[in-house]
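Student: Sharing a structure below in C-alpha cells format, with a few things to ask.
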Amino acid sequence: MNIYVNDEETRIDSGQTLASLLASLSGGRQVAVAVNDTVIRQEEWSDYPLQDQDRVLVIAPVQGG
Amino acid sequence: MKTEPLHIAGHTFQSRLFLGTGKFGSNQLMHDAVVASGSELVTVALRRVRLQEQEDEVVSHLQIPGVKLLPNTSGVRTAKEAVLAAQLAREALQTNLLKLEIHPDPRYLLPDPIETLAATEILAREGFIILPYINADPVLCKRLEDAGAAAVMPLGAPIGTNQGLQTRAMLEIIIEQSGVPVVVDAGIGAPSQAAEAMEMGADAVLVNTAIAVAGDPVAMAEAFKLATLCGRMAYEARMGSVRKSAEASSPLTAFLGQE
C-alpha cells in the first residue's frame, strides 16, 4: 500500500506500524509525528498500524529564532 | 550583580536575555554563544525531516544546565497549522512553552494578528504556555493577555533587520498596560538597543540575528548579556525624568560676590 511521508509517496507493507516506519526513516533522530493531522505520541508508535493513503508528517527540531 | 528574577507562568529566569538559535555558522558556535549570553531560554524551530539525509541534530548542542528550550511555530500560515505545530513541538521537546509565530508574508515576516489571537485561544485551553510574537499593537496585546497568553512578544522592527526599536512609542504603551511580561522580540540589532528596551521597562528581550551574524558571535552574546543586565539595573534603579528646561547639578550661589 501507499502512504505519504512528508508529502513523498512511499510504498510500505500492509500492517507496518509507525514505529517500524520511523525506525527505517528517521535515523534515530528526535522527531514528532502526526498522521492525518493528528499527533501520535511516541508511546503509541509501536501499536499504530498505518493505513493506505495515510499522510504522515515527521518533524524535528532545528536552529531557529 | 543581580536584578529581580523574571517569572513567566511558573518558570523563573534570572537572565532577561532570550536567544534565538537561527543563522549560526555551526552548532558549536550556537552552543558557545548561548553559554556566553547567560540566557536561560532559547528558541528552536521545527522542520520536516528530510528523510534520506543525515541532518545534524540541534537539541543535543543545547543541553546546557539552566537553559530551557522554547520551540517556535515558524513556517505556519494559519491558526490551524499553528495548533498542529504546537502539538508536535510539545511532543518533540516535552515542553508546554511555545513561541507562537504566524507570519505568512515572506518579505517582512510580519505576524498575522487575527490568526495569532485565534491560535492563542485554542492553545491556552490545551495548557500551552504561550508567548506570541506580534506587532507592537497595544490593543492586540491586551486581547492576547485575556485569551491566556503567558507573555507578549511585540516586535521592535521586522525579523532580522537590526533596525532597533522602530516601534518605541507603541512599546511604551504596551509596557505600561500589560498584565503579563513583555518581551521585545525581533529587530534588536545592537546591545544599546537591548539596554534601551530594558530601561523602558520591558521584562526581557529576545535576540537572534544581531548575535548570530556578528563577526564574533560569542563576544557579541556577552555584550548583549551585559547590555540587558545594564538596562534592567537602570530600570530597577528608577531613572530620572526627562525635562525641557535645565536643572542645575551644582549650587548656583554667586560665591564671587555680588554688587
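Student: May I ask for log10 I(q)/I(0) of segment B:31-168 at q = 0.13, 0.15, 0.18, 0.20 Å⁻¹, from a Debye sum over the Cα atoms as equal point scatterers with solvent left out?
Tutor: -0.59, -0.78, -1.10, -1.28
Student: Would you pull out the residues with amide H under 5 Å of residue B:46's amide H, same chain only if 5 or more places away, H placed 1.01 Å from N?
Tutor: Residues meeting the amide H criterion: A:62, B:72, B:74.
Student: What value, in deg cm²/dmol to 500, does the helix sum -39500 (n - 2.57) over DSSP H runs of n ≥ 4 give at 222 nm once divided by the residues of chain B? Show your work: numbers first, answer last.
Tutor: Values: 8 runs with 93 residues, N = 259.
Mean residue ellipticity, 222 nm, calculated: -11000 deg cm²/dmol.
Student: Give me the percent of accessible area attributable to carbon and sulfur for chain A, probe 1.4 angstrom. Mind showing how you got there, number by number?
Tutor: Numbers: 1380 of 3250 Å².
Percent of accessible area from carbon and sulfur atoms in chain A: 42.
Student: For segment B:12-110, run through the GluC sites (Glu not before Pro) and keep only the ones in DSSP coil with at most 10 other Cβ atoms within 10 Å of their Cβ. Walk me through the numbers on the way to the answer.
Tutor: Values: sites: B:40, B:53, B:55, B:57, B:81, B:91, B:101; in loops: B:40, B:53, B:55, B:57, B:101.
Sparse-neighbourhood loop GluC sites (Glu not before Pro): B:53.
Student: Percent of Cα-Cα pairs per 5 Å bin, from 0 to the last occupied bin, for chain A, please list those.
Tutor: 4, 17, 31, 29, 12, 4, 2, 1, 0
Student: Still on this structure: Check which residues have an amide H placed less than 5 Å from residue B:3's amide H, if you skip close sequence neighbours.
Tutor: The answer is none.
Student: With labels modelled as points extended 7 Å from the Cα through the Cβ direction, what inter-label distance (nm, one decimal) is found for residue B:142 paired with residue B:239?
Tutor: According to this spin-label approximation, the distance is 2.5 nm.
Student: Roughly how large is the A-B contact in terms of buried accessible area, totalled over both chains, probe 1.4 Å, nearest 100 Å²? Mind dumping the intermediate values first?
Tutor: Working: alone 4600 and 13560 Å², together 15590 Å².
That pair of chains buries around 2600 Å² in total.
Student: Another one. What do the square roots of 5 times the Cα gyration tensor eigenvalues come to for chain B, in whole Å, largest first, as semi-axes of the equivalent ellipsoid?
Tutor: Working: eigenvalues 262, 96, 51 Å².
Listed largest to smallest, the semi-axes of chain B are 36, 22, 16 Å.
Student: Which whole-number percent gives the relative contact order of chain B, counting Cα pairs below 8 Å spaced six or more residues apart?
Tutor: Numbers: 500 pairs, mean separation 48.2, N = 259.
It comes to 19 percent, rounded to a whole number.
Student: Can you tell me the mean projection area, over all orientations, of the convex hull of segment B:167-259's alpha carbons? Units nm², please. All intermediate terms of the calculation are to be shown ahead of the outcome.
Tutor: Details: hull surface 38.3 nm².
Across all orientations, segment B:167-259 yields a mean hull projection of 9.6 nm².
Student: What residues qualify as long-range amide H neighbours of residue B:100, i.e. H under 5 Å apart, gap of 5 or more or another chain, H built at 1.01 Å from N?
Tutor: Those lying under 5 Å, H to H, from residue B:100 are B:131, B:133.
Student: Residue B:126 to residue A:36: FRET efficiency via 1/(1 + (r/R0)^6), r the Cβ-Cβ distance, R0 30 Å, to the nearest 0.05?
Tutor: Once rounded, the FRET efficiency stands at 0.95.
Student: Kindly express, to the nearest 10 degrees and within the range 0 to 90, the angle between helix B:168-177's C-alpha long axis and the longest C-alpha principal axis of chain B.
Tutor: Long axis of B:168-177 versus the principal axis of chain B: about 80 degrees.
Student: Going by alpha carbons, how many degrees (0 to 90, nearest 10) lie between the helix axis of B:113-125 and the longest principal axis of chain B?
Tutor: Taking the Cα atoms of chain B, the angle to B:113-125 is about 70 degrees.
Student: Rank B:253, B:12 by accessible area, highest first, at a 1.4 Å probe radius? Provide the component values of the computation, followed by the final result.
Tutor: On the way: B:253 100, B:12 75 Å².
Correct descending sequence by accessible area is B:253, B:12.
Student: Let me ask you something else. Just to be sure I understand: if I project the alpha-carbon convex hull of the protein assembly as shown onto a plane and average over all orientations, what area do I get in nm²? Intermediate results must be reported in sequence, preceding the final value.
Tutor: Details: hull surface 82.8 nm².
For the protein assembly as shown, averaging the hull's shadow over all directions gives 20.7 nm².
Student: Treating the angle as unsigned and between 0 and 90°, give the value, to the nearest 10°, between the Cα long axis of helix B:138-147 and the longest Cα principal axis of chain B.
Tutor: 50
Student: May I pose another question? Note down the magnitude of the dipole of the protein assembly as shown about its Cα centre, charges +1 on Lys and Arg C-beta and -1 on Asp and Glu C-beta and zero elsewhere, to the nearest 20 debye. Provide the component values of the computation, followed by the final result.
Tutor: Numbers: 25 positive and 39 negative charges, 115 e Å.
That gives the protein assembly as shown a dipole magnitude of about 560 debye.
The values are calculated or read from the model by the stated rules, or taken from the named source; none is laboratory data. This is a predicted model, so every value here is computed, not measured. In this analysis, Cβ positions are derived from the backbone assuming ideal geometry, glycine residues included, and neighbour counts consider all displayed protein chains. Surface accessibility is based on the protein's heavy atoms, side chains included, excluding ligands, DNA and RNA. Shrake-Rupley method; radii C 1.70, N 1.55, O 1.52, S 1.80 Å.
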